[in-house]
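Please treat every number below as a calculation from the coordinates, not as lab data. Here the structure is a predicted model, which is why all the values come from computation and not from measurement. Cβ placement follows ideal geometry from the backbone for every residue including glycine, while neighbour counts extend to all protein chains displayed.
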Ligand SMILES: [Zn+2]
């Protein structure tokens, strides 16, 4: 078992399932899940909810930063088990349904091939495959949200546009000064295992230039903690983190 749950701020919990993070937001007995891990992460999600002293039925919503299979993950299973509503950006709906161009995980394979000489990259691919990455379960019944919306779920996340990694990728600014960045930036290069604030490898960014340009949308946001989809928390303001990312990933 590679699960680890940490409280990051009041009502904000990081759960690491292997190389992927997801987050539980808690307020007044209600729980929201931000990203849904791997396709096979339901047992980890259920255990993490119980660790908070809550029952799976308290999980009322799933909010996705994007619909890659290591973030869409077990959303369909969560919905089936708890009846939770799955929220996704309007521009990401087709991907969550498996209908977007390039939604298939096999679309990432050509870009990954040149990296596979690295044992760490091969290790990521094997790890991802073992967790169901290549056989995602799409979610048809989703509730779309728009940029700038404040979602009526625990943590009151405000939606910030960070397209590029996928066409409808968003980051979520929580009411308590925590920014969930998804894969707009990362604290762990999953292919090389290098740590520190950086961009995801270009092989995994659908549009690398747009991914870089979206960093500007994070600058100036009022937060002191950034929670990425991979790697540990980044204890910097978004402006400071973006400066580091630009220095590391020119
Ligand atoms: Zn991703």
Would you give the gap between the C-alpha center of the range 207-250 and the C-alpha center of the range 16-90, rounded to a whole Å?
-> 24
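Taking 8 Å as the Cα distance limit and 6 or more residues as the minimum spacing, I'd like the relative contact order of the range 3-248 as a percentage. Don't skip to the end; give the middle numbers.
Working: 567 pairs, mean separation 39.3, N = 246.
It comes to 16 percent, rounded to a whole number.
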extent check for the chain: Cα max minus min per principal axis, descending, whole Å, gives 46, 38, 33
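Can you compute the helix-only [θ] at 222 nm over the chain? Use -39500 (n - 2.57) per DSSP H run of at least 4 residues, normalise by all residues, nearest 500 deg cm²/dmol. Spell out each step's value before the answer.
Working: 8 runs with 60 residues, N = 250.
Helix contribution divided over all residues of the chain: -6000 deg cm²/dmol.
Starting with the fewest neighbours, write out 77, 60, 101 ranked by other beta-carbon atoms found within 10 Å of each beta-carbon.
Details: 77 20, 60 16, 101 10.
Fewest to most other Cβ atoms nearby, the residues stand as 101, 60, 77.
Semi-axes of the equivalent ellipsoid for the range 1-82, please: Cα gyration tensor eigenvalues, times 5, square-rooted, ordered largest first, whole Å. Please list the in-between numbers first.
On the way: eigenvalues 57, 39, 27 Å².
Result for the range 1-82: semi-axes of 17, 14, 12 Å.
When DSSP beta bridges are limited to those with both residues in the range 13-155, what percentage is antiparallel, rounded to the nearest 5? Could the numbers behind the result be given before it?
Details: 10 of 20 bridges.
So the antiparallel bridges amount to about 50 percent of the total.
First measure r as the distance between the Cβ atoms of residue 116 and residue 4, then evaluate 1/(1 + (r/R0)^6) with R0 = 30 Å and state the FRET efficiency to the nearest 0.05.
Details: r = 28 Å, r/R0 = 0.92.
So, using R0 = 30 Å, E works out to roughly 0.60.
Can you give the Rg/Rh ratio of the range 142-250, where Rg is from the C-alpha atoms and Rh is the Kirkwood radius? Could you put the intermediate results ahead of the total?
On the way: Rg = 13.0 Å, Rh = 13.7 Å.
Rounded to two decimals, Rg/Rh equals 0.95.
Roughly what % of DSSP beta bridges within the range 3-248 run antiparallel, to the nearest 5?
Numbers: 27 of 41 bridges.
Antiparallel bridges make up about 65 percent of those DSSP assigns within the range 3-248.
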